[in-house]
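I have placed the structure first, in the form of structure tokens, so that the comments after it can refer back to it.
Since every read-out is calculated from the coordinates, none of them should be taken as a lab result. Small disclaimer: the values here were computed from a predicted structure and weren't measured. Ideal geometry is used to build each Cβ from the backbone, glycine not excepted, and the neighbour counts take in all protein chains shown.
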2 protein chains.
Amino acid sequence: MSVSGYQETGVPGSEEIIFLPLGGTGEIGMNLNLYGHAGKWLMVDLGISFDDGHIPGVDVIMPDPAFIEERRRDLVGLVLTHAHEDHLGAVQYLWEDYDCPIYATPFTAEVLRRKMAENGEAIPRIIEIPMSGHVALDPFDIELITLTHSIPEPNALIIRCAAGAVMHTGDWKLDPDPIVGPNTDEAALIKAGEDGILAMVCDSTNALNPGWSGSEGDVRDNLADLISTLEGRVAVACFSSNIARIESAAKAGLENGRHVALIGRSLHRMTEAARETGYLQDIPPFLSEEEAAALPPERVLLICTGSQGEPRAALSRIARDDHQTISLEEGDAVIFSSREIPGNEVGIARVQNQLTELGCRVITAREHEIHTSGHPNRGELTQMYQWIRPQIAIPVHGEIRHLTAHAELARECQVPHTLVSFNGDVMRLTKEDGVQVIDEVYAGRLALDGDRLVPYDSEGIRERRRVAWNGCAVASVAVDGKGQQVANVEVTVFGLFDQTDRDRDGLVQTVERAVARANGRTRKDDGQLSESIRVALRRELQALTGKRPPVSVHLLRV
Amino acid sequence: MSVSGYQETGVPGSEEIIFLPLGGTGEIGMNLNLYGHAGKWLMVDLGISFDDGHIPGVDVIMPDPAFIEERRRDLVGLVLTHAHEDHLGAVQYLWEDYDCPIYATPFTAEVLRRKMAENGEAIPRIIEIPMSGHVALDPFDIELITLTHSIPEPNALIIRCAAGAVMHTGDWKLDPDPIVGPNTDEAALIKAGEDGILAMVCDSTNALNPGWSGSEGDVRDNLADLISTLEGRVAVACFSSNIARIESAAKAGLENGRHVALIGRSLHRMTEAARETGYLQDIPPFLSEEEAAALPPERVLLICTGSQGEPRAALSRIARDDHQTISLEEGDAVIFSSREIPGNEVGIARVQNQLTELGCRVITAREHEIHTSGHPNRGELTQMYQWIRPQIAIPVHGEIRHLTAHAELARECQVPHTLVSFNGDVMRLTKEDGVQVIDEVYAGRLALDGDRLVPYDSEGIRERRRVAWNGCAVASVAVDGKGQQVANVEVTVFGLFDQTDRDRDGLVQTVERAVARANGRTRKDDGQLSESIRVALRRELQALTGKRPPVSVHLLRV
């Protein structure tokens, strides 16, 4: 057994466990975690985030996996904790670069296969592990412990190696009545704690929230009570991965004499994956959109995508009366069985206003207890620390405020070592020294821009933001060897003027004047002549608009 | 007295009152209200809204006043209800087009004068009306009734004319302890109701919220309790116009042995206007930033702009450790004495995370009762309807959801006529028929783009959004009369490639090939040749990037 460690060689040693997050720490979404031991790496989750509109034209961002790509021959596998996009959404973009096996429980595996098939991607090698199963990925032995969350089959991983055991919680809560799937495997958690856990890498999303997060069972009862009072069409918007919520809404509809239809593609993918793997077994087949549209209002319940106001989702189309099949009207009700993810408030308000304008009643989780978070509040975190009693607590999956609050809570729970870390921090976990950041590696982001993956801070994207603020312009001038203009000047300005705006004409004259005024030496020097034109045009544009657009000059020497 | 009404002539008649909102109805902010009677128009408020980032490069939007501009000789005046930006912020951009007198109470007048002086604008004729004063603007007689809100001197207007009386509430709440300024003039409200109010045009912001909105007095006590427990520097972020909140924070600091400094320009403008008009009289002069920076942490309280995460505001600069004078560090606390305005959540979270990273404790209105809204909840609306008992209720100042809920509440309060209206709806208010929409006029928006006011939906801005998503490109080709290329081709692409990206080289070849492949007729026709080049280049860009950027071609015929 080698005793050389990461710090000396850049390769994880046999006496240590390395934890290296490349995504998910200090930000929401985009999980990518690496564990290193004895020269090998294990990847846990590979997720995306949806951009908040910061970069126009970019919807999807993900961690830049450059670090592990360079070490892919030492990557023993990817284990997915559960099927949320921020944990598996980047597989379809990045997996062909690794081509090592992917391990997941049946539902997660089925969701991934369906997603990749929909996108026409080659389907990777997915090896199914049963719930509560084990998998040996030398030098690691991984045990799954069943938790509860807002999707079926959320798993904590106990990652064991010669240097100790780390518990990676993934996303979880302690739901006494999760409706779909088994309850939290308390016995396994207690046993793991008794066996000894060196470090717990744990969900921080709700570390600022007191108490307990609540139960899907209560949401089911409240949804059923609410729906029993409604008379027209009822639409329920929720996350398509929340199979328990879908079951609750469907049952509430069925109990009230309503037939249930799913509106939105991802709902079909998720519910089909759920039925395929043994969930939703006592829910009858859903109606087609056409069948639902043909029923009397009081006989229908629609489960819709679009709870976050996403413009292309089903509910947004319905709200702007632009859906191919479904219309809502006076007397109908729309239930938002969801939270508002920060950044989406304006889009959600737009949809709710449009629905109100159609005459619909809009019902949200503000007025009714019809949503519960899938993440642990402080009470649940405390309970977990009491069970696991790790030597080291590493908060992940949250913004800095959440990580900091979580670390404080862990200290209050008598955890000897805690660390608020950032993506790219290489942490050595040892029994002797607790946790130390021993190195920092590149941990950037990639953006899906059109159909290319480009660095999030690429010049092209930064330039596009500048142009989005200021517009841009190109002037073209053909000159002969002496620098005399030999054709009409052309100027194109993007994003500053209307078609009818007469300011454009003056711009051609500005360019012509700049050429005419240049002295003999400047005229013969392409660089100098271009620069004089560029400066004159930019000055004129600034005078006209108060903005400083980037300007390019095409000097064509005939 | 003419009996011809608006519907026949487009001019308000003598038997009717016309209400026409051009801003503030079905949206937040940007109030511009018109009242018409006997051939004349009265304007109430002229506000801006801050763009939510929807249009890159545009911060400020405002109602397009085209309708009243065309009738400005019949405009008898502008009355400002209070000094919030969404009620007077557009004066500096639009007022020179009218040049009719502006009426306001002393604090509002002082704020407007200072704002315009800061911006180097000519200061308009502002005629001060005392609180509870009257002003006759023939054919209207206007009475001010003192209300409470989150700024000094909020006024309801009772607008009387031969056809009846309309109450325009402006923004208000019923605060039993407003701290600064007099309390709601209940007696005047009750008397106005007894005298008879035809229509009430009323604030809808909180029409979805049950109960009462709370009191500045309670916020003062809670702020004082909180601040007494803190040890390092204390920074309080609040709206600069909330003079009561500033007084509460300052007093809490003073009582705990702290000196108080204001950080942020608008705080100086607002507090100076307040002192000038008789408020904040028992608060000692504020320290300068430099004096505050020199004090020991436990002796200083900073009141800061930037509670909404605005990147250029004082608190954002401090959070990213980029403020010229003030630094915060481990052991300091930042109190957000404010709500999160929808759309600002992501920016606020960024600032709070940065402050946490500096080691500051971040305290928000989620955990402590340190903010109260300035708008009436349902309980206060109900109380107002009981006092005023109008024949007609017209909800304004809110999104459609709020207007709709407000109209329902008014009906529950036995108001015979209610109407949810939109900007541009011309409403006739009469005793006989209640309220009817008799016409619809243009009610667009203007955007301040650089230093120009342009239509919000102008081609230039829409093009900029397209370019922000897709980039853009210009190719220049010089050809002779036969269409033979006579100089190097130049291609500029904005916003798609990095400097080092080799894709650019292929683009020149694409253009050259398109020229070379054109047949004789195409080569001689500028339009056809340009279009062949444009299509070829666009196709190539789409193949390279998956995007469809706008492409221009400069064909220079030598």
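Could you give the dipole magnitude of chain B about its Cα centre, charging the beta-carbon of Lys and Arg +1 and that of Asp and Glu -1, in debye to the nearest 20?
On the way: 53 positive and 83 negative charges, 475 e Å.
Around 2280 debye, computed over chain B.
From the phi angles alone, apply the Karplus equation (6.51, -1.76, 1.60; θ = phi - 60°) to the range A:24-31 and give each ³J(HN,Hα) in whole Hz, x where the residue is Gly or Pro.
Along the range A:24-31, the couplings run x, 10, x, 6, 9, x, 6, 6 Hz.
At 7 Å along the Cα-to-beta-carbon direction for both A:ASP225 and A:GLU96, put a label point, then send me their distance in nm to one decimal.
Those two pseudo-labels are separated by 5.3 nm.
In Å, what Kirkwood hydrodynamic radius results for the protein assembly as shown from the alpha-carbon pair distances?
One decimal place: 32.8 Å for the Kirkwood radius.
Starting from the alpha-carbon convex hull of the range B:223-271, give the projected area averaged over all orientations, in nm².
Answer in nm², one decimal: 3.1.
Taking only pairs that are 8 or more places apart or on different chains, how many Lys pairs in chain B have Cα atoms under 26 angstrom apart?
Pairs that pass both the separation and distance tests number 6.
What are the residues whose amide H is under 5 Å from the amide H of A:ASP203, where those residues sit 5 or more places off or on another chain and H is modelled from the backbone?
Here A:THR169, A:GLY170, A:VAL396 satisfy the definition.
Please report how far the C-alpha centroid of the range B:288-316 lies from that of the range A:220-283, rounded to the nearest whole angstrom.
Rounded to whole Å, the Cα centres lie 50 Å apart.
Whole number please: convex hull volume per residue of the Cα set in the range A:74-210, in Å³? Kindly include the intermediate steps, with their values, before the conclusion.
Details: hull volume 17.1 nm³, N = 137.
Output value, Cα hull per residue: 125 Å³.
Under a point-charge model restricted to the Cβ atoms of Lys and Arg (+1) and Asp and Glu (-1), what is the dipole moment magnitude of the range B:216-363 relative to its Cα centre, in debye to the nearest 20?
Rounded to the nearest 20 debye, it is 320 debye.
Between B:ALA516 and A:ILE123, how high is the FRET efficiency from 1/(1 + (r/R0)^6) when r is the Cβ-Cβ distance and R₀ = 30 Å? Nearest 0.05.
Calculated value: 0.10.
Computed FRET efficiency, Cβ-Cβ of A:VAL441 and B:ASP451, R0 45 Å: what is it to the nearest 0.05?
Using R0 = 45 Å, I get an efficiency of 0.45.
Label point 7 Å out from A:ARG299 along Cα-to-Cβ: which residues of the range A:255-275 have amide N under 17 Å?
A:255-262
Could you work out how far the C-alpha centroid of the range B:363-420 sits from that of the range A:26-47, in angstrom?
51 Å
Once you sort the root eigenvalues of the Cα gyration tensor of chain A as a ≥ b ≥ c, which label holds: rounded (a/c under 1.5), prolate (a/b larger than b/c) or oblate (the other case)? All intermediate terms of the calculation are to be shown ahead of the outcome.
Numbers: a/c = 2.47, a/b = 1.34, b/c = 1.85.
Oblate shape, in that a/c is at least 1.5 and b/c is the bigger or equal ratio.
Please determine, in degrees from 0 to 90 and to the nearest 10, the orientation of helix B:378-388 with respect to the longest principal axis defined by the Cα atoms of chain B, where the helix direction is its Cα long axis.
Helix B:378-388 sits at roughly 60 degrees to that axis.
Going by a ≥ b ≥ c, the root eigenvalues of the Cα gyration tensor, does the range B:216-363 fall in the rounded group (a/c under 1.5), the prolate group (a/b larger than b/c) or the oblate group?
rounded
Tabulate in residue order the Karplus-calculated ³J(HN,Hα) for the range A:487-495, using 6.51 cos²θ - 1.76 cosθ + 1.60 with θ = phi - 60°, rounded to whole Hz; enter x for Gly and Pro.
7, 4, 7, 10, 10, 10, 10, 9, x
Starting from the Cα gyration tensor of the range B:47-131, take the square roots of the eigenvalues, sort them a ≥ b ≥ c, and report rounded, prolate or oblate (rounded when a/c is under 1.5, otherwise prolate if a/b is larger than b/c, else oblate).
On the way: a/c = 1.85, a/b = 1.27, b/c = 1.45.
It is oblate, given that a/c is not under 1.5 and a/b is not larger than b/c.
Would you mind calculating the gained length between B:ARG265 and B:PHE422 on full extension (0.36 nm times residue separation, minus the Cα-Cα distance), in nm to one decimal?
Result: 53.0 nm gained on full extension.
If you count, for every residue in B:546-555, the Cβ atoms of partner chains within 10 Å of its Cβ, what is the mean?
Counting Cβ atoms of other protein chains within 10 Å of each residue's Cβ and averaging gives 5.
Would you mind working out the magnitude of the charge dipole of the range B:228-314 relative to its Cα centre, with +1 at each Lys and Arg C-beta and -1 at each Asp and Glu C-beta, to the nearest 20 Debye?
180 debye
Do any GluC sites (Glu not before Pro) in the range B:270-331 lie in a DSSP loop with no more than 10 other beta carbon atoms within 10 Å, and if so, which?
For GluC sites (Glu not before Pro) across the range B:270-331 that sit outside H, G, I, E and B with at most 10 neighbouring Cβ atoms in 10 Å, the list reads B:GLU330.
Is there a simple number for the mean count of other chain Cβ atoms within 10 Å of the Cβ of residues in A:447-454, and what is it? Please list the in-between numbers first.
On the way: counts 0, 1, 8, 12, 6, 7, 0, 5.
Other-chain Cβ atoms within 10 Å of each residue's Cβ, averaged: 5.
Under the Karplus relation 6.51 cos²θ - 1.76 cosθ + 1.60, θ = phi - 60°, what is the ordered set of whole-Hz ³J(HN,Hα) values for the range A:173-187, x standing for Gly and Pro?
Here the 3J(HN,Hα) series is 8, 10, 9, x, 9, x, 6, 10, x, x, 7, 3, 7, 4, 4 Hz.
Going 7 Å from Cα along the Cα-Cβ axis for the label, what nanometre distances separate A:ASP141 from the same residue across the other copies?
In ascending order, 9.4 nm.
Given Cα pairs under 8 Å that are at least 6 residues apart, what percent is the relative contact order of the range A:216-363? Don't skip to the end; give the middle numbers.
Numbers: 265 pairs, mean separation 41.9, N = 148.
In percent, rounded to a whole number, it is 28.
Treating the point 7 Å from Cα along Cα-beta-carbon as the label, what are the nm separations from A:LYS431 to the other copies, to one decimal?
Sorted ascending, the copy-to-copy spacings read 9.4 nm.
Can you tell me the order of A:400-408, B:167-175, A:466-474 when each peptide is scored by its average per-residue count of other Cβ atoms within 10 angstrom, highest first? Numbers along the way, then the final one.
Working: A:400-408: 22.4, B:167-175: 25.8, A:466-474: 24.0.
Going by the mean number of other Cβ atoms within 10 Å, highest first, we get B:167-175, A:466-474, A:400-408.
Sum up the charges of everything whose Cβ sits under 12 Å from the Cβ of A:GLU289, counting Lys and Arg as +1 and Asp and Glu as -1, but leave A:GLU289 out.
Net charge in that neighbourhood comes out at 0.
In nm, one decimal, shortest first: how far is the label point of B:ASP321 (7 Å from Cα along Cα to beta carbon) from the matching points in the other copies?
Distances to the matching label points in the other copies: 5.6 nm.
How charged is the neighbourhood of B:SER215? Take every other residue with its Cβ under 11 Å from the Cβ of B:SER215, and add Lys/Arg as +1 and Asp/Glu as -1.
So the surrounding residues net to -4.
Report the FRET efficiency, 1/(1 + (r/R0)^6), for B:GLU276 and A:ARG72, where r is their Cβ-Cβ distance and R0 is 51 Å, rounded to 0.05.
Plugging the Cβ-Cβ distance into 1/(1 + (r/R0)^6) gives 0.15.
What does the structure give for A:485-494 when I average, per residue, the other chain Cβ atoms found within 10 Å of the residue Cβ?
That average works out to 6.
Around A:VAL535, what is the net charge, scoring Lys/Arg as +1 and Asp/Glu as -1 over all other residues with Cβ under 13 Å from its Cβ?
The answer is +4.
May I ask which residue of B:ASN222, B:VAL300, B:THR271 lies farthest towards the positive end of the charge dipole of the range B:216-363, with charges of +1 (Lys, Arg) and -1 (Asp, Glu) on Cβ and the Cα centre as origin?
B:THR271
Using alpha carbon centroids, what distance separates the range A:162-195 and the range B:422-501, in Å?
54 Å
What residues have an amide H closer than 5 Å to that of A:SER552, excluding those fewer than 5 places away on the same chain, when H is modeled at 1.01 Å from N in the peptide plane?
Amide H neighbours of A:SER552: A:ALA473, A:VAL474, A:ALA475.
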